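Okay, so here's the structure we're looking at.
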Amino acid sequence: MAGDSVDTRLDIWSRLHAIGVLAAIGIGDVFWTLRPIGAWALASFLYLIWHCRANWTPHGSFGLANGVTALRLALVLLIAYCMRAEPGRAIAIMVLSIFVLDGVDGWLARRTGSASPFGAHFDMETDALLVLIATQELWQRGELGIWILTSGLLRYLYMLYSVFLPKRALPMPPSRFGRAAFSALAIGIVLAFTFPGPLGAIAAGAGTLLVGISFARSFYWTWLSMTSAKSDA
């Protein structure tokens, strides 16, 4: 991967990361713990940061925005490693804090002129890990049914699906609907931890549905792109 463009390296990493995440989920669900997911994520993200060190920002430094994303990642891993015994409301506060910081790193990147493909990818994959860890925690605590795992798995299944796409098949550009769906899911997860029972289940279910629709649009977009790539070949 060393001689590839940064976009290609990020794409390859995401696919390998997805395989590792899915394997870690299987191990974690057998032993009823999130630590295998946390261990894989820590090793995988450290490799990503090291491997893309020449492309962190246009200025070459790691940058404050990426520092905030790294803080968000650390807080997600803290949930995986240290918060099983904590009350649901403590995790809700943590999830809400990570979600609020998600707006800070993007603002800082734009404000300081340090936006980069690496930073955007780092941010997106941290979001995906947050959803995965939080939904796994809700399920393993018995707060919600197995359906809640859907939203945490979709990103990684999508990355494996993209392995079979032609190189010219393009992913769907970021959309307002996708961002709104993620926000609804984050709020639903917070409510599910804060108010176990029907209210939390309804809120999390609504967020899961919206994220499912968002990913269905992404799958359809890439399928159309694949069809177009084949017809142009």
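Each Cα pair under 8 Å and six or more residues apart adds its sequence gap; the mean of these over the residue count of region 6-232 is a relative contact order of 21 percent. To test your reading of the geometry: what angle, between 0 and 90 degrees and rounded to tens, separates the Cα axis of helix 88-112 from the longest principal axis of the chain? Orientation of helix 88-112: about 30 degrees from the principal axis.
Compared with the dominant principal axis of the Cα atoms in the chain, helix 117-140 is inclined by about 30°. Taken over the chain, the convex hull of the Cα atoms encloses 121 Å³ per residue.
For region 26-106, the mean projected area of the C-alpha convex hull, equal to one quarter of the hull surface, is 6.1 nm².
Not counting the cut sites, what is the longest span of the chain without trypsin sites (Lys or Arg not before Pro) that DSSP labels loop and that have at most 16 other Cβ atoms within 10 Å? It would help to have the intermediate numbers written out before the result.
Details: sites that count: 84, 141, 167, 168.
Longest gap between qualifying sites, sites excluded: 1-83.
In the chain, the longest principal axis of the Cα atoms and the axis of helix 149-162 are about 10 degrees apart.
Springs join every pair of Cα atoms under 10 Å in this Gaussian network model of the chain, and among 114, 151, 175 the largest mean-square fluctuation is at 175.
Laboratory data are not the source of any read-out in this text; all were calculated from the coordinates shown. This one's a predicted model, so the numbers in the text were calculated from it and none came from an experiment. Note that each Cβ is placed from the backbone with ideal geometry, even for glycine, and that neighbours are counted across all protein chains shown.
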